[in-house]
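Each reported figure results from applying straightforward, stated rules to the coordinates on display, with no laboratory input. For clarity, every value in this text was computed on a predicted model and none was experimentally measured. Cβ coordinates were reconstructed from backbone atoms using ideal geometry, including for glycine residues, and neighbour counts include every protein chain displayed.
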Amino acid sequence: MNSKKVKELVTDNKPVDIHLILTHHWYDEIDAGRKWVEYREQSDYYKRMLLRNYKLLKQRHGDKNTPLLYLHKNVRSVIFHRGYTSTTMRWHVANITVGYGDPSKGAPSHRQVFCIYLGSRYKQCCNVAMLHR
C-alpha cells in the first residue's frame, strides 16, 4: 500500500461568509440600494476566495483557464467594510457568476470578472471583532 497521501478534490460545500473592502463611494451605493452586483477581478486571490479546490486545480492544470473544473464555494453572505473602518453591512449572496459587468457600476469593460449578485440585506450586521478571533 502506498503511504503517500493523494490530494483529492474537496467535495464538501459548507456555507462560508466572505469579507470585502469597498471604497466609501461603492459602499454608499450598495447601502442606498442603487448597486446590486459587486465585481471582483479574476485574480488568484479572489479565485482562492470564491472557488473550491482552486489551488489543487492550478497545480494539476497550470495557469490554463479551466472554468468547467471550477466549483464555486457555497458563499452564504458577504460582509462589506466601508474602507478600513469598523462600519460594515452584511448581505445574502444570491449568485456568483463570471462575466462582463456594468462599467458604470465599477466593472472593467474589457475583461471578465466575478459578479457577486446580492440578495436581501441582513437586519443586523455582525460584530467584526468577533469574526477575527
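Distance between the pseudo-spin-label points of Asn74 and Ala32 (7 Å out from Cα toward the beta carbon): 3.7 nm. Computed from backbone phi with θ = phi - 60° and the Karplus coefficients 6.51, -1.76 and 1.60, the 3J(HN,Hα) list for region 107-120 is 8, x, 8, 10, 8, 7, 9, 6, 10, 9, 8, 8, x, 8 Hz; x is used for glycine and proline.
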